[in-house]
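Step one of this worksheet: look at the structure below.
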Amino acid sequence: ILNVEQSPQSLHVQEGDSTNFTCSFPSSNFYALHWYRWETAKSPEALFVMTLNGDEKKKGRISATLNTKEGYSYLYIKGSQPEDSATYLCASSDNYGQNFVFGPGTRLSVLP
Amino acid sequence: DSGVTQTPKHLITATGQRVTLRCSPRSGDLSVYWYQQSLDQGLQFLIQYYNGEERAKGNILERFSAQQFPDLHSELNLSSLELGDSALYFCASSVGTSGETQYFGPGTRLLVL
């Protein structure tokens, strides 16, 4: 069974600060790593999917990197805004996508 | 709007009852996933169907069952409901079954009294 961990559990930053958080996953039989953004009272929304070691993806002020050899991914937010406040979930799949497991999430609060 | 629809949005019922939650995937998606989010808990994977067949099973209770129909919509049946079954139930869909991005519906909030 995949064990996907995220840290920190929660984070409070000031508007304009840059921040990052971590997703750890088993590196054996790795297939893909996904990041989702989950705002309160809404459903999770896909941000990125990465498969190759060294992959970097970017969408506006948000970017992500992937290290499949050591089993971690970083999500970076540059110049945080209050609208970035959400829970950020990562999910890892292995065995050609057969197992798809979400981490517990990092709850980000951006204070104006 | 992800293109995934779920009905009903809200459901209030009593312990011991049975309910059915419905999900229609995005056009073209063959996989449907069901998740449970209880209070202060993360997303717990329940079950996945691909093109009508059960594909993967997570922490789904024996009181719960699901199926995917030929038109690819899916239903999650919850029976002998308990207070602890109160949760937000999400459905997600993806194109295939190889770790592609999952697109989530708006969820069904179930309250068992």
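Read the figures in this text as sums done on the coordinates, not as results from a lab. Model, not experiment: these values are computed from the prediction. Every residue, glycine among them, receives a Cβ derived from its backbone with ideal geometry; neighbour counts consider all protein chains shown.
Note on A:58-68: average number of Cβ atoms from other chains within 10 Å of each residue's Cβ is 0.
For a paramagnetic label modelled on B:A14 (point 7 Å from Cα along Cα→Cβ), amide N atoms under 20 Å away belong, within segment B:53-85, to B:78-85.
Shown in residue order for segment B:21-33 are the 3J(HN,Hα) couplings computed by the Karplus curve 6.51 cos²θ - 1.76 cosθ + 1.60 at θ = phi - 60°: 9, 10, 9, 10, x, 4, 4, x, 7, 9, 9, 10, 10 Hz (x for Gly and Pro). With θ taken as phi - 60° and the Karplus curve 6.51 cos²θ - 1.76 cosθ + 1.60 applied, the whole-hertz 3J(HN,Hα) list for segment B:6-12 is 9, 9, x, 6, 9, 8, 10 Hz, x standing for glycine and proline. Taking 8 Å as the Cα distance limit and 6 or more residues as the minimum spacing, I'd like the relative contact order of segment A:1-103 as a percentage. Worked out over segment A:1-103, it gives 37 percent. A simple spin-label model places the labels of A:E56 and B:D1 3.7 nm from each other, with each point 7 Å out along Cα-to-Cβ. A protection proxy built from the mean count of other Cβ atoms within 10 Å ranks the segments B:72-81, B:10-19, B:59-68, B:96-105, most packed first, as B:96-105, B:72-81, B:59-68, B:10-19.
Take each residue of peptide A:42-50, count the partner chain Cβ atoms within 10 Å of its Cβ, and average: the result is 5. For segment A:29-95, the set of GluC sites (Glu not before Pro) satisfying both a DSSP loop assignment and a count of at most 14 other C-beta atoms within 10 Å is given as A:E39, A:E70.
Note on A:E45 and A:Y74: the extension gain reaches 8.7 nm, defined as 0.36 nm multiplied by sequence separation minus the Cα-Cα distance. The chymotrypsin sites (Phe, Trp or Tyr not before Pro) of segment A:28-112 include none that meets both conditions, a loop assignment by DSSP and at most 16 other Cβ atoms within 10 Å of the site Cβ. Peptide B:93-99 is shielded by partner chain Cβ atoms: per residue, an average of 5 of them sit within 10 Å of its Cβ.
One compactness figure for chain B is 0.99, namely its Cα radius of gyration divided by 2.2 N^0.38 Å. Measuring max minus min along each principal axis, the C-alpha atoms of the protein assembly as shown give extents of 49, 39, 30 Å (largest first). A simple rule links phi to the HN-Hα coupling: the Karplus curve 6.51 cos²θ - 1.76 cosθ + 1.60 with θ = phi - 60°, which for segment B:72-84 gives 6, 6, 10, 10, 10, 9, 10, 10, 6, 4, 10, 4, x Hz, with x for Gly and Pro. Once the Kirkwood radius over Cα pairs is known for segment A:29-112, the Stokes-Einstein relation at 20 °C and 1.002 mPa s delivers a diffusion coefficient of 161 µm²/s. Structure shown: which of A:K59/B:K9; A:K58/A:K78; A:K58/B:K57 lie over 21 Å apart, alpha-carbon to alpha-carbon? Among A:K59/B:K9; A:K58/A:K78; A:K58/B:K57, the Cα-Cα distance tops 21 Å for A:K59/B:K9; A:K58/B:K57. Within the listed set A:L89, A:L66, A:L11, the Gaussian network model of chain A (springs between alpha-carbon atoms below 10 Å) gives the highest mean-square fluctuation for A:L11. Put the Cα centre of segment A:1-39 next to the Cα centre of segment B:19-97 and the gap is 24 Å.
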